[in-house]
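The values are calculated or read from the model by the stated rules, or taken from the named source; none is laboratory data. Quick caveat: nothing in here was measured; it's all calculated off a predicted structure. Here Cβ is always computed from backbone atoms with ideal geometry, including for glycine, and neighbour counts include all displayed protein chains.
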Amino acid sequence: MAQRLSPEAEEAVRARIAWFRDLGIFDFYRRTRAAGAPDTEAEEMTAAAAALETPPMPTAPALPILTEAPKKVAAKNRAAALMAIREEIGECTRCALAAGRHNLVFGDGDPNARLMFVGEGPGADEDAQGLPFVGRAGQLLNNMIAAMGLRRDQVYIANIVKCRPPQNRVPEPQEANTCAPFLFRQIDVIRPEVIVALGATAATYLLGGKSPLGALRGRIHQARGSKLIVTYHPAFLLRDPRQKKEAWADLQIAMAELGLKPPAK
C-alpha cells in the first residue's frame, strides 16, 4: 500500500503539478504495476501524488460569442464605464470563491491602455491588497513591462476571476464562466490594441477553447477585437527561470504590434 508523502515531499509534488499546469498540461496518469511485482519507492510517490487534489483541465467556457463589435466608449468616459462595471459587481456572491475572499480584485491601470495583461486569478498578496499582480509574480510582471519600455500605470492588468481560489488552485469552469463576462466587458471598454494572456487558464477563457500553451505561443490570435499574444504566467517563470527567454520572445511580438522598442540601457 502506498505511503503518504511527507509534508516536504507533498509540497514538492504540488509545485511540480503547478509547473505542468502552467504549461497547459492538466491530466496525469499512474503506471499500472504488474501483478505480484513489489512496490518501489517511485511507485509509492506516484500513487501518493495521484491522491493529491489536482485541478481539472478547464473546459471550453460557455460564454456568449461576440457576433458584433461592442459599442465604443469615448476615451474620456472609460474610467467611469469601468467604475460602473465594478459597482455592478458589488460585494459579489455569484460563485463559491466569494466565501474565502478578503478583497475583490477588479483590475488596475490605464483605462485607455493600448496593452492589457490578463492572468488567472488573485493570489494571497492580491487578495490582501485588492490589486492584481502585487506579489513576487507581480514584481516580475512589472519588470517585464519595464523591459517593453512601459510603466505599469500605462497598461491595464486584470484576471479571469476576481476572487482568490483556495490554495491558488485553477478556477473551476463554473467560477470562471461566472466571472469572465465582467472581464470581457472591461476589455470592451478599454479596447486595447494587444492583450497578453499570462498562462494557460487566461488563454483558455480568452480564446474560448483549451490547447497546450506551446501550441498557442509564437503567433497572434484574436480576442474581443484585440490582438492576443499568449505567454507564460510570471509565477511559472519564477519556478522555471529558464523560460524567461521564451517569454521575452512572446513580449517582443506584442511590442512589434504596438511599435515599441526596449529602453536604452
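Among all residue pairs at least 6 apart or on different chains, which show Cβ distances below 6 Å where the first residue, located in the range 145-157, is surrounded by fewer than 17 Cβ atoms within 10 Å (Cβ to Cβ) and assigned to a loop (DSSP other than H, G, I, E, B) and the second is modelled with pLDDT of 95 or more and not aromatic (Phe, Trp, Tyr)?
Between residues of the range 145-157 that are surrounded by fewer than 17 Cβ atoms within 10 Å (Cβ to Cβ) and assigned to a loop (DSSP other than H, G, I, E, B) and residues that are modelled with pLDDT of 95 or more and not aromatic (Phe, Trp, Tyr), the close pairs are 149/260.
Looking at the range 79-109, which of its residues are within 23 Å of residue 224 (Cα to Cα) and in contact with an Asp or Glu (Cβ under 6 Å, 6 or more places away or on another chain)?
Once the filter is applied, which keeps residues that are within 23 Å of residue 224 (Cα to Cα) and in contact with an Asp or Glu (Cβ under 6 Å, 6 or more places away or on another chain), the range 79-109 yields only 105.
Of (1) more than 21 Å from residue 230 (Cβ to Cβ); (2) part of a helix (DSSP H, G or I), residue 188 satisfies all except one. Which?
Failing condition for residue 188: (1).
All but one of (1) surrounded by 19 or more Cβ atoms within 10 Å (Cβ to Cβ); (2) assigned to a helix (DSSP H, G or I) hold for residue 128; state the number of the condition that does not hold.
(1)
Out of all the residues in the range 255-265, is one or more within 30 Å of residue 100 (Cβ to Cβ), in a loop (DSSP other than H, G, I, E, B) and touching a residue at least 24 places away in the same chain (Cβ under 8 Å)?
No, that holds for no residue.
Could you go through the range 215-230 and let me know if any residue there is part of a helix (DSSP H, G or I), closer than 23 Å to residue 94 by Cβ and of a type in the set (Lys, Arg).
No, the range 215-230 contains no residue that is part of a helix (DSSP H, G or I), closer than 23 Å to residue 94 by Cβ and of a type in the set (Lys, Arg).
Out of curiosity, is residue 123 more than 15 Å from the chain's Cα centre (by Cα), within 24 Å of residue 233 (Cα to Cα) and at pLDDT 95 or above?
no
Please work out which one of (1) without any contact (Cβ under 8 Å) to a residue 60 or more places away in the chain; (2) closer than 17 Å to residue 70 by Cβ is the condition residue 221 fails and give its number.
Only one criterion is unmet by residue 221, namely (2).
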